[in-house]
Amino acid sequence: MSTADDIAKIIEQETALVFDHFDEAQAFAIGSALRERALAEKLPIVVDIQFWDRPLFYAALPGSSGSNTDWARRKRNVVKMFHKSTYRMGLEQNREDKTFPPGHGLAPSEFVLAGGGFPVKVKGIGAVGVIAVSGLPQRQDHEIIVAVLAAHLGLDGKKLALPDDPAARG
């Protein structure tokens with residue numbers, strides 16, 4: 001699949017993975033599901049779920065580091081500014097260094113073009129928060145969020161998943 005195909009699929013994901021409502025209990029359920037999956041698969045990730053104004057769920061799994069926490073923060077900032085997934089933003093910007101072009105005025109210390117940030121959207125409202133995962137290659141960080149959200153919302157995760165990418169675009 002091409003980058004354009006991946007971007008189209010991610011837009012489909014962002015359109016489908018929308019909540020009727022989102023609150024602390026939902027954040028805890030999703031965060032717990034991400035944590036359980038990471039434990040079962042021995043994934044060294046950080047899971048960070050936030051409303052724009054406050055944290056809702058955080059977990060650091062064995063093998064993760066403080067660097068993952070910082071990557072998650074920078075991914076959150078991108079989602080907050082653009083209301084798009086960070087993997088989509090990275091594919092759209094197509095920059096090897098994972099930074100925004102200088103004309104955007106977005107400091108690399110605060111914003112990163114790396115997959116693993118996904119907007120929490122509520123029907124009739126729009127983006128209200130973000131789910132960030134860090135610790136795996138960016139496509140996998142993105143994929144784990146999509147899979148857990150699809151399951152939580154009762155949607156077919158296989159239909160929403162990105163196709164296998166043997167080239168592992170990173």
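The values are calculated or read from the model by the stated rules, or taken from the named source; none is laboratory data. These numbers were taken from a predicted model, which means no experiment stands behind them. Neighbour counts run over all protein chains shown; Cβ positions are idealised from the backbone, glycine included.
Of everything in the stretch 33-64, what is farther than 16 Å from H142 by Cα and touching a residue at least 40 places away in the same chain (Cβ under 8 Å)? Give them in sequence order. Hits for the stretch 33-64 are Q50, F51, W52, L56, L61, G63, S64. Criterion applied to P119, P102, P108 was being over 23 Å from W52 (Cα atoms) and of a type outside the set (G, A, S), and the one residue passing it is P102.
Give the residues of the stretch 78-94 that are outside any helix (DSSP H, G or I) and among the polar types (S, T, N, Q), sorted by residue number.
Correct list: S85, N94.
Evaluation of S64 against the conditions (1) in a helix (DSSP H, G or I); (2) farther than 20 Å from A150 by Cα; (3) of a type in the set (S, T, N, Q) shows that the sole unmet condition is (1). In the stretch 93-108, the count of residues that are of a type in the set (D, E), at pLDDT 95 or above and either surrounded by fewer than 16 Cβ atoms within 10 Å (Cβ to Cβ) or in contact with a helix residue (DSSP H, G or I) (Cβ under 6 Å, 6 or more places away or on another chain) (or both) is zero.
Please determine, by comparing only the residues of the stretch 26-67 that are of a type in the set (K, R) and surrounded by fewer than 19 Cβ atoms within 10 Å (Cβ to Cβ), which one is nearest to K121 (Cα to Cα).
Residues of the stretch 26-67 that are of a type in the set (K, R), as a first pass: 35, 37, 42, 54.
This time we only want the ones that are surrounded by fewer than 19 Cβ atoms within 10 Å (Cβ to Cβ), so: 37, 42, 54.
Details: R37: 23, K42: 29, R54: 16 Å.
Step by step, filter the stretch 26-67, then rank; the result is R54.
Checking G135, G115 one by one, the residue that is more than 24 Å from F22 (Cα to Cα) and modelled with pLDDT of 95 or more is G135 and no other.
For (1) under 15 Å from A27 (Cβ atoms); (2) within 9 Å of the chain's Cα centre (by Cα); (3) touching a residue at least 60 places away in the same chain (Cβ under 8 Å); (4) part of a helix (DSSP H, G or I), each residue gets a yes or a no:
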| residue | (1), (2), (3), (4) |
| --- | --- |
| E96 | no, no, no, no |
| G115 | no, yes, no, no |
| G129 | yes, no, yes, no |
| L136 | no, no, yes, no |
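Taken over the stretch 6-25, the criterion of being touching a strand residue (DSSP E or B) at 6+ places or on another chain (Cβ under 7 Å) and either of a type in the set (K, R) or surrounded by 13 or more Cβ atoms within 10 Å (Cβ to Cβ) (or both) is satisfied by E14, V18, F19, F22.
Looking at the stretch 27-46, can you tell me whether even one residue there is within 19 Å of L113 (Cα to Cα) and not in a helix (DSSP H, G or I)?
Taking the stretch 27-46 first, the residues within 19 Å of L113 (Cα to Cα) are 45-46.
Remaining after also requiring not in a helix (DSSP H, G or I): 45-46.
Yes; the residues of the stretch 27-46 include at least one that is within 19 Å of L113 (Cα to Cα) and not in a helix (DSSP H, G or I).
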